[in-house]
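Each remark here refers to the structure printed beneath this line.
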Amino acid sequence: MAYEIVIGLEVHVELQTASKLFCSCPNSFVSEANKHTCPVCLGFPGALPRLNREAVKRALTASLALNCQIALTSYFDRKNYFYPDMPKGYQISQFFEPIGRYGHLDIEDDRGDLKRIRIGRVHMEEDAGKLVHSPSGDGAMVDYNRAGVPLVEIVTEPDLCSPGEARRYLEKLKAVLQYARVSDCKMEEGSLRCDANISLRPAGSKVLGNKTELKNMNSFKAVEQSLEHEIKRQRKILDNNEQVLSQTLRWNEESGTTIAMRGKLQAQDYRCFTDPELTPVCLTDEEVERAKTALPEMAEERALRFVKELGLPVYDAGVLTATRDLADYFESCLKHFNNPKTVSNWVMGELTALLNSAGQEIKGCRFSPKFMGELLEMIDEKVISGKIAKDVLDKSFKSGKAPHEVVKDEGLLQISDQSELETLVKKVIAGNPDSVESYRGGKKKVIGFLVGQVMQETKGKANPQVVNELLVKIIEENGK
Amino acid sequence: MKATELNALKAAEAINNQEVSATSFVEEIIDYCKELDNKKKIFSHLADEKALEQAAAVDQKVQGGFNLPLAGVPLVIADNYAFKGMPAAIASRTLQNYHPPFSAAAVEKLTGAGAVVIGKTIVGDMGLDTVAEKDKEGSLFKAPLYLAKGGAAAAAAGGCILSLESDSSGITRQTASRNGVFGLRPTPGRVSRFGLNLCCGSFDYPGFAAAHLGDLAVLLQASTGYDERDVMTAANRIQRDKFVYDNNPSRLKIGFFPSYLDFLDAEVADTYEKMHLLCRKIGFKTVDLKLGILQESLRAFYVISYAETSSTLSRFDGIRFGSAAESDDLEEYYFKTRRLTFGSEACRRSIIGTYLLSDENYGRYYKKALKVLNNTRRLFAEMLDKCDLLLMPLYKSASPIAGADFIQTYEENCLTAPVNMAGLPSLAFPGGFQVIAEPFGEEKLLALAENLSIVEEVTGSNSEKGEV
């Protein structure tokens, strides 16, 4: 029996604002529990929420980046339920009128064709605290540092048809939101969370089957795997002519299985109503237009531009635009040294290798675009050789010193002075009579070995081209 | 001169001129209040040391050359206001040992103007308008309805004592009037409510009580203003800060509602009619109006109030404060905790409010109530288009019905709750009347009331000044 797979994803993304959504507590990581709290985010009697306008801006940007229609007036509503990590006993969210609706994201389907995934809503809400298991094992403790952090919730229509599509959707979403500087979207750090809804139905049927909700996936891969697992499970049930139970399942990464969490026989009644302590969120047409024009060029457009205007190969453009920070870095380098291909080679090659082995990211990298420009100029003007340049890059990266300083301090200037080199060349010729004979005998390639010897003598600082020329000249001169 | 014979302004003047020290003044007042409290329970907490500390600070400032508008004036605040250094049990076991880590914005403004908080007055369960009922497990105080608001009583007792309370359905204003003092509910957004434990976000706002009009004016002026912790106060930025009122009767037109005479009891009806005639005599222009929406509005008021209260009270879950139960199961823990620590009013509103907001019922009750709310606002605005001020009675029965059940008590609020729904400022004065103006029209109210200070002639036989 062939089944159609129907998947919808609910993604929560933490907005990178300086403060929380309804108070001025810092929105940043801190290791001490319950440090970033105040009467407002703790729900003390008498405390009132006040809206962080910056969060609205980011939510607007996110909605626009996802091609949504923007609600110029939206409201905050209370979603009432009891749980220890919800200090007020309700979550302030947007139930009735979200800030963004009817958006979409285009991804590749399983055959490689372009497919549009509809996004039903994008709305703002506050995060809950975290439950931490007590070290003595006798229960859980609550940490409210995260309570009140601004989130956007992005809900797709059930348009995804496979675990692969789900994973590609998440990757695309991350790229878009990172580029828009809405969030850093790191699932491993919790700034992006994903729940999946999945059901199966006989191929061709118009009726949706019972769906289950999957939670607790900590990576895009886990989302894909949990969905694959669930498809197998549901298929088995349906093949046996039984009904799939509508429930919430918790994914267990280690065992690669799911465990039922609570009966989702009825959707929970959140008794939503508009929060009387907050005023409506009002946006003007001008604000929306401004946010639209301020939307940064998305990855694909940028890659296309790199290919068309900068003449980079498609592969290079792809690698360089993978993250916004890398693309920004690359373009900054061009301001200091305007040869795109050369810069691309060095950024993709040596620099990336150094970043990887140091476990660092391009953001905040000490080897600035200015330094990169300096380095490449020095090579171009033959102040140092390409080989030495690699060494200079390594030292500059690790020490933070500018390339020209490194060259000066370590005396790595390329030796191109003829007279200086002549002496060394003559020394090497004298010390390698057999090789010289071989050369004279017709084995021209031996020159490489002799060049190498000179390079050794100069600890790599000699200009290899000049050395080569000199060797040839002197050998042939003396050969007469 | 005895401290209690002065009004607040005179007291402040004397203290600013250093004729008497704030410390000795406050001491006298506190002794007086202790006596009062022995006779009839008014205070939930009478501050001894803390009050004298504040008074000493005022003295220092005055000696340093500062002139404080409310220097040394004794202020009592309802228990549902947070004041750092004083407990805020708010008549509930949930908050029995709660000491707020911050102070309410309005209180800060008033102490900044020199007022000295001498104590906190009793309120109903969680600050809700409680009814006279058999004492239930959770509520710490039992009191007949009209004393469940201690503030006005305090104001009545000592002429210079000013009271900061909260006004949700208007019982605060009614209590002030019954105690022979003035009560004011400013326009929502005029005074910051940060630090006021509110249950119903739509209707709970600060209110004041004072024995003398001039004192009420200073109280309002000192506490008005933008507070970044309460977004609603942003409205103040486009309103006048300075508080000036015009005393000329011929410039004001007052609206009356003759049809209300039908459901007022004889005493109240009689006084209302006398008021009508008196206003004409003084020289005000009057116009007869009709507003039939009171009953409908009242019911919508309680639907909204119950619904919102059930949500706002969810934060009392025993996790961060007031745990009372032991259980291994989370659901059971919540259940036990709230059952044990919530008083009957809080319980009733939570349970019924939850019902009203549930999926099946939201459309039938809450959504409809919101429509009535909008209608009420519109209709009152239409009334105020036809005149400058509205004069309405405060309650139906001259003496509150002791032992009334909660429905009967709610019915008494049919003349005040709709006004609160419309978001209008209202000034209650002794004798059972209120004057209502358009939003941010408080100065008009005070202008009128000054002219009606001879109202005592008409209503003197009704008010029991100083005794409840």
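The values are calculated or read from the model by the stated rules, or taken from the named source; none is laboratory data. Nothing here was measured: the structure is a model prediction, and the numbers come from that model. Ideal geometry is used to build each Cβ from the backbone, glycine not excepted, and the neighbour counts take in all protein chains shown. Remember, those area values only see protein heavy atoms, side chains included, never the ligands or the DNA or RNA. Shrake-Rupley method; radii C 1.70, N 1.55, O 1.52, S 1.80 Å.
The HN-Hα couplings worked out from phi for segment A:347-360 by the Karplus form 6.51 cos²θ - 1.76 cosθ + 1.60 (θ = phi - 60°) are 5, 5, x, 4, 5, 4, 4, 5, 4, 4, 6, 8, x, 9 Hz, whole numbers, x standing for Gly and Pro. Per-residue accessible area (protein heavy atoms, 1.4 Å probe) orders A:L42, B:L391 as A:L42, B:L391, starting from the largest.
Taking only the Cα atoms of chain B, the ratio Rg/Rh comes out at 0.96, with Rh defined as the Kirkwood radius. Residues A:M455, A:M86 ordered from highest to lowest accessible area at a 1.4 Å probe: A:M455, A:M86. Each semi-axis of the equivalent ellipsoid for the protein assembly as shown is √(5λ) with λ an eigenvalue of the Cα gyration tensor; in descending order they amount to 74, 35, 25 Å.
Across segment B:335-341, computed HN-Hα scalar couplings (Karplus, 6.51 cos²θ - 1.76 cosθ + 1.60, θ = phi - 60°) run 4, 4, 4, 5, 4, 6, 9 Hz from first to last residue, x flagging Gly and Pro. Taking one equal scatterer on every alpha-carbon of segment A:418-478, how large is log10 of I(q)/I(0) by Debye at q = 0.19, 0.27, 0.30 1/Å? The Debye formula, applied to the Cα set alone, gives -0.57, -1.20, -1.47.
Measuring with a 1.4 angstrom probe and ignoring ligands and nucleic acids, A:V314 comes out at about 110 Å² accessible.
For the protein assembly as shown, the solvent-accessible area with a 1.4 angstrom probe is 43 square angstrom per residue.
Here chain A was treated as a single set of alpha-carbon atoms; its pair distances binned every 20 Å from 0 give 19, 40, 24, 13, 3, 0 percent.
Remark: the A:E242-A:K408 segment gains 52.0 nm on full extension, using 0.36 nm per residue and subtracting the alpha carbon distance. Roughly how many whole Å is it from the C-alpha centroid of segment A:183-236 to that of segment B:1-75? Their Cα centres are 67 Å away from one another. The figure for A:C161 is an accessible area of roughly 60 square angstrom, using a 1.4 Å probe on the protein chains alone. Backbone geometry of segment A:46-58 corresponds, through the Karplus equation with coefficients 6.51, -1.76 and 1.60 at θ = phi - 60°, to 3J(HN,Hα) couplings of x, 7, 10, x, 9, 6, 8, 5, 4, 5, 5, 4, 5 Hz, x marking Gly and Pro. Given +1 at the Cβ of Lys and Arg, -1 at the Cβ of Asp and Glu and no other charges, the dipole of segment A:285-367 around its Cα centre is 400 debye to the nearest 20. Cα convex hull, segment B:291-422: 137 Å³ per residue, rounded to a whole number.
When A:M298, A:M217 are compared by accessible surface with a 1.4 Å probe, the order from highest to lowest is A:M298, A:M217. Evaluated at q = 0.10, 0.11 Å⁻¹, a Debye calculation over the C-alpha positions of segment A:356-471 (equal weights, vacuum) places log10 I(q)/I(0) at -0.39, -0.46.
Could you tell me which residue out of B:A437, B:L9, A:P150 lies farthest along the dipole of the protein assembly as shown toward its positive end? Charges go on the beta carbon: Lys and Arg +1, Asp and Glu -1, centred on the Cα centre. Among B:A437, B:L9, A:P150, the one farthest towards the positive end of the dipole of the protein assembly as shown is A:P150.
Helix-only estimate, please: 222 nm mean residue ellipticity of the protein assembly as shown, summing -39500 (n - 2.57) across DSSP H runs of length 4 or more and dividing by its residues, to the nearest 500. Walk me through the numbers on the way to the answer.
Values: 33 runs with 380 residues, N = 948.
Dividing the helical sum by the residues of the protein assembly as shown leaves -12500 deg cm²/dmol.
With the whole protein complex present, A:V207 retains an accessible surface near 100 Å², based on a 1.4 Å probe. Coordinate range of the alpha-carbon atoms in segment A:3-287 per principal axis, descending: 57, 55, 33 Å. Taken about its Cα centre, the protein assembly as shown carries a charge dipole of about 1360 debye when Lys and Arg each add +1 at the Cβ and Asp and Glu each add -1 at the Cβ.
Modelled label positions at A:D138 and B:E53, each set 7 Å beyond Cα in the direction of Cβ, lie 3.5 nm from each other. If the Kirkwood radius is taken over C-alpha pairs of segment B:3-236, then at 25 °C and 0.890 mPa s the Stokes-Einstein diffusion coefficient equals 142 µm²/s. Distance between the 7 Å Cα→Cβ label points at A:S24 and A:L72: 3.2 nm.
Structural descriptor for chain B: relative contact order 18 percent, calculated from alpha carbon pairs under 8 angstrom and at least 6 residues apart. Distance cut-off 21 Å, Cα to Cα: go down the list A:K395/A:K461; A:K57/A:K370; A:K115/A:K174; A:K130/A:K211; A:K387/A:K427 and report the pairs above it. Long pairs (Cα-Cα over 21 Å): A:K57/A:K370; A:K130/A:K211; A:K387/A:K427.
On the principal axes of its alpha carbon atoms, segment A:297-410 extends 43, 31, 19 Å, with the longest extent given first.
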